[in-house]
Amino acid sequence: MNQREVAAVLTYVGRLDPRTIRTDAGEARDQLGMWHELLGDVPMTTAQGWDIREAVRKRIVSSPYPILPADVAREWQAHRRERLARHTDPTPSADPDNPHAWRAELLAARDAVATGQAAPSAHRELIAGRHRPGLKDQLAAVGSYIPAAVRAELAPYRPARAAREAAIAAGGPDVLSVPCEWCHAVEGEPCRRRRITLDGAARGNAPLATTHPSRVDRALAAQAPAAAA
């Protein structure tokens, strides 16, 4: 606050607590200088919940003693600490190899939060990071995270997945994209061996490398509208 704003605060304080009013010109000048010295870096209001009038009212109501500028300054410091405690530093957009720019951006973001110019960032960077332009194109250029040669070597140990991938590569439907009505396998899970007991109940949990025909028919039916669209 500048001296004019501090004078306005003193006028407000005097209206609520006449004991703080100074009628002597010299005393009033000294009082203004003291308040400005302690409150020069304290804003009157911010867009993020700080209002010096609320701090003044709170202090006058809670204490029988005349309010001092240090009381208001302590309220402001507590407000700053509370805001920073709710803030999580987002990853700067500056080059990580430039530590000076990186640190400067971090400090600027914290200062904006502390002074009420920006709201605290409450989420970790893993879920609140900035989008990198061209990231999708880079991922598409990389391709599968499993090399083709390794995928071929793994095929005997993953027969159901290998059959699924081969069918999709040949233009067929993704049979695991629909549930199986015969063995009740859910989407994404391979079909199971279904056995009927003597009492008519169905059981069996052994996974199959193949898919039940009814599931294939259902996947073909689901693929047809998508292909037509």
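The values are calculated or read from the model by the stated rules, or taken from the named source; none is laboratory data. Small disclaimer: the values here were computed from a predicted structure and weren't measured. We place every Cβ from the backbone using ideal geometry, glycine too, and count neighbours over all the protein chains shown. Each accessible area value is taken on the protein alone, full model and side chains, heavy atoms only, with ligands, DNA and RNA left out. Shrake-Rupley method; radii C 1.70, N 1.55, O 1.52, S 1.80 Å.
How large is the accessible surface of HIS100 in square angstrom, using a 1.4 angstrom probe and rounding to the nearest 10?
150 Å²
Run the simple label-point estimate for ALA206 and LYS58 please: 7 Å along Cα→C-beta, distance reported in nm.
7.1 nm
What percent do you get for the relative contact order of segment 69-128 when only Cα pairs under 8 Å and 6+ apart count?
This gives 42 percent for segment 69-128.
Answer rounded, prolate or oblate for segment 1-93, using the Cα gyration tensor with square roots of eigenvalues a ≥ b ≥ c: rounded when a/c is under 1.5, else prolate when a/b is larger than b/c, else oblate.
Details: a/c = 2.85, a/b = 1.92, b/c = 1.48.
Note, shape of segment 1-93 comes out prolate.
For SER214 and GLU27, compute 0.36 nm times the residue count separating them, minus their Cα-Cα distance, and round to one decimal in nm. Working shown, then result.
On the way: separation 187, 0.36 × 187 = 67.32 nm, distance 9.49 nm.
Length gained, SER214 through GLU27: 57.8 nm.
Which residues among segment 65-86 fall inside the zone where the amide N is under 11 Å from a point 7 Å beyond the Cα of THR20, along Cα→Cβ?
Output list for this probe position: 66-73.
For GLU189 and GLU82, compute 0.36 nm times the residue count separating them, minus their Cα-Cα distance, and round to one decimal in nm. Write down the numbers at each step before the final one.
Working: separation 107, 0.36 × 107 = 38.52 nm, distance 4.87 nm.
Result: 33.6 nm gained on full extension.
How many nm is it between the label spots at TRP182 and ALA221, if each spot is 7 Å from the Cα in line with the beta carbon?
Going from the TRP182 label point to the ALA221 one covers 1.5 nm.
Label segment 33-74 by shape, choosing from rounded, prolate and oblate, from the square roots a ≥ b ≥ c of the eigenvalues of the Cα gyration tensor; if a/c is under 1.5 it is rounded, and otherwise prolate applies when a/b is larger than b/c, oblate when it is not. Walk me through the numbers on the way to the answer.
Working: a/c = 2.90, a/b = 1.14, b/c = 2.54.
Taking the square roots of the gyration eigenvalues as a ≥ b ≥ c, segment 33-74 is oblate.
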